[in-house]
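Contents: one structure, followed by commentary.
The values are calculated or read from the model by the stated rules, or taken from the named source; none is laboratory data. This one's a predicted model, so the numbers in the text were calculated from it and none came from an experiment. Neighbour counts run over all protein chains shown; Cβ positions are idealised from the backbone, glycine included.
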Amino acid sequence: MPGGGQDMIVTHRTPSFRLKAATAIALLLLTWVASRADEADPIDAALQTCLASSRGETTAGMVDCTGAAIHAWDGRLSETYGHALAALDPESRALLQAAQQRWLAFRAAEHAAWAGPWQADRGSLIRVQIMNAELSAIKERVNELRLFLPSD
């Protein structure tokens with residue numbers, strides 16, 4: 001017997017245990033995300049205010065409002081990236097720099113694809129949809145970069 005005859009402790013988990021554990025973790029994560037959603041980011045709040053105004057009633061206005069938010073989130077991205085680099089050891093810093101360069105290259109390629117002739121027959125709102133996709137990508141990258149920051 002393993003362990004010189006001592007009782008063995010069975011540590012395998014049943015599928016129902018794994019499902020319960022995954023459900024509990026998912027509920028905790030959803031609760032955390034919901035609590036964070038209540039804390040509207042000032043950039044997003046300004047975007048919503050702009051879109052709710054008379055300015056945001058036209059496609060051109062939506063583009064302007066969203067463009068301002070993209071510009072602000074781009075600034076937040078640069079700021080967060082700088083803080084992340086400053087917080088990392090040299091090896092991790094180099095890895096993040098390489099990842100960021102690849103993300104920026106992807107973003108440039110995505111812009112080129114979005115500017116393609118495919119949008120000609122999609123109507124005027126396609127521009128707003130593209131800008132919303134860009135805004136979402138930048139916000140997501142900011143959140144990814146926050147993972148590199150020291151815990152509060």
Checking Ala109 against (1) without any contact (Cβ under 8 Å) to a residue 40 or more places away in the chain; (2) closer than 30 Å to Glu57 by Cα, the condition it does not meet | (2)
Within the stretch 101-140, restricting attention to residues that are of a type in the set (Asp, Glu) and over 16 Å from Asp44 (Cα atoms), which residue is modelled with the lowest pLDDT?
-> Asp121
Taking Ser35 as the residue in question, decide whether it is of a type in the set (Ser, Thr, Tyr), part of a helix (DSSP H, G or I), over 19 Å from the mean Cα position of the chain (by Cα) and at pLDDT below 90.
-> no
Considering each of Asp89, Asp64, Asp74, Asp152 in turn, give the residue that is at pLDDT below 95 and out of contact with any Phe, Trp or Tyr (no Cβ under 9 Å at 6 or more places or on another chain).
-> Asp152
List pairs: first in the stretch 75-86 and within 10 Å of Phe148 (Cβ to Cβ), second assigned to a helix (DSSP H, G or I) and among the β-branched types (Val, Ile, Thr), Cβ under 9 Å, 6+ apart or cross-chain?
-> Thr80/Val142; Tyr81/Val142
